[in-house]
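Below is one structure, written out as structure tokens; comments come after it.
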Amino acid sequence: MDAFSIRFAEAPLGRLRWQAPQPPVINRNKTFEAREYSLKCPQNGYGLGLLTRPFNETGTSEDCLFLNVWAPAQASDEKLPVMLWIHGGGYGFGNGQYDFSDIINTNNNSFIGVAIQYRLGAFGFLSSDEVHRKGVPNAGLLDQQLALEWIQQYIHLFNGDKDQVTLAGESAGAGSAMLHAMAYGGTHGTKLFKNVFGASPYLPPQYGYKDWIPSQSYYAFAMAAGCNAKDPYLHNGTLPIFECLQARDSKTLINASMAVSSAGLYGAWAFAPVTDGDLVRERPSVQLAEGRVNGVNGLFGNNANEGYLFVPQVIRTEQALLEWLRVTFPLFSDADIKAVLEMYLSTNAPDNPKAPLFATNGVEGPTAVNQSSLSTGHQQRANLIYGEATFVLTRDEVCPSHWLAQAYTHKHSSCNDTAGKGYKYQFSIPPSIHASDVQAYFPTVPSLTAAAAGYFPEDFSKAFQTFIGNFVTKSKPGMVEDVGEWPVYDEANGAKQVDLNTTCPMYVPGDIKKMEAGYCEGGENAFAVVDSGTWEGERGRRCEFWKGVGARVPA
């Protein structure tokens, strides 16, 4: 397996900051060695409700728009399908240093892997009316789009098939894939990709580019960078805000981006994609419900306990839950808050520190509304509310994974001339927190190896990798052990999804190391087809609620 690192855009410095990425100005006729990963894009934090010290930018650079290609060394003469991977990290951190060797080998060297980097935090997702007039909101998404265009132009040089591209990612990477699926109102068809795979698509509140919240983040960033947002002419008395920011040094901007994000709400990022009227034209809850998507087929999944990492684990009473809801959903009315509490009723001892922790089975007995391997009662209510409103929910409501699958099954005929299919799964190996699934299909991911290496059974990892490989090469996940052919997700036929689990002894509550990425010793794969509407105490009913309040999330 050969790995290559390739520049796909010019360094977005100075006047190129917050502009659409530009193709590199180089002699493309030269052959050169490119076998090392590039520096990471400047990293950003997420909200802990605290101010932060200046961020250490060691190992990062604004000159980071590179991609890596993993191509089988002994590829056949036949062109191979391609999977483009977009890393997660809340649109604020992470990198493209993914090793495709294991997943490609598992799939008999049948496809090519590409991993990209894109601008993060304020560098990639700064937004305001001024940014829109003088630059571009969603610069990070445009970086990703340019990488897709690079594949169309150059992947044949690696024996890749530009007409068989699967756009893939996890968390913010899957959220990015969702937004590219929606790009330009879903009118681009298969120009850039055929299929979309999204693991735990992350959907933070998606505001308009000049709405109050993204604008306040813009002015807070300018203030932190020394560009006084209260004065129309700044810095040396001649530079407006935008030009002042373009003139600042990287270290100042990295620290400013980190400071603004870290001072925000717990578990939230200050800079995220917005509805810009061009690339992103609608809120997902509106466009995806209409089936207006690019590409042909989709495979999407969520983890059982998505919300745990993003909710303060101090919610012991309904009053504390109420206060958290008001902060987390600032546009909600009192009636909305009351409806949330009624939708997520407390049915077991909410403040008992000795309440047993165990995973639900999703079908009978206690449900995830009140019970998990991580929490119970009011705390679990909060965890599930965040997880379902941001990563999980079903049918055609505000949240991504099930709802994306349905969009691909029922694509709008005027947008695509090829019928497509959507597929859905849940990753349920306890504790199944957000991102704990990644090392099952990328077992050597640098950021996860130390904590998670060897924690999943080999049979499970191989099966998961094969599902993904089948989707990349055959446009469907294929056969499921003890289940048969993976069912198409379709509300009209019970909205079936595949539950991915094992029978092995699992995570011990309170063991932080094992909690971080999952723990498994022995056992067998336990895969099952379930009805996502009745799953976990009628999740479909809760989804109908979120659909109704989508405009006030907003999502």
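Some notes on this structure:
- Those residues of segment 152-199 which are over 30 Å from THR31 (Cβ atoms) and out of contact with any Gly (no Cβ under 7 Å at 6 or more places or on another chain), in sequence order: GLY175, LEU179, HIS180, MET182, ALA183, TYR184, GLY185, GLY186, THR187, HIS188, GLY189, PHE197
- Test: LEU167 is in the same structural domain as THR275 (by TED's automatic domain parsing), surrounded by 24 or more Cβ atoms within 10 Å (Cβ to Cβ), more than 20 Å from ILE116 (Cα to Cα) and modelled with pLDDT of 95 or more: no
- Elements of type helices (runs of 4 or more DSSP H) contained in segment 112-161, each with 2 or more residues being in contact with a strand residue (DSSP E or B) (Cβ under 9 Å, 6 or more places away or on another chain) and either touching a residue at least 24 places away in the same chain (Cβ under 8 Å) or not polar (S, T, N, Q) (or both): 139-154
- The requirement of being modelled with pLDDT under 95 and buried (at least 17 other Cβ atoms within 10 Å of the Cβ) is satisfied by PHE158.
- Any hit, segment 285-305, residues being out of contact with any helix residue (DSSP H, G or I) (no Cβ under 9 Å at 6 or more places or on another chain) and either among the hydroxyl-bearing types (Ser, Thr, Tyr) or surrounded by fewer than 24 Cβ atoms within 10 Å (Cβ to Cβ) (or both): no
- Look at segment 261-275: where a residue is assigned by TED's automatic domain parsing to the domain that holds LYS210 and in contact (Cβ under 8 Å) with a residue 40 or more places away in the chain and a partner is assigned to a loop (DSSP other than H, G, I, E, B) and of a type in the set (Lys, Arg), sitting 6+ places away or on another chain with Cβ atoms under 9 Å, you get VAL274/LYS210; THR275/ARG281; THR275/ARG283.
The values are calculated or read from the model by the stated rules, or taken from the named source; none is laboratory data. Just so it is clear, the structure is predicted and the values come from calculations on it, not from any experiment. Glycine gets a Cβ as well: all are built from the backbone with ideal geometry, and neighbour counts include every protein chain shown.
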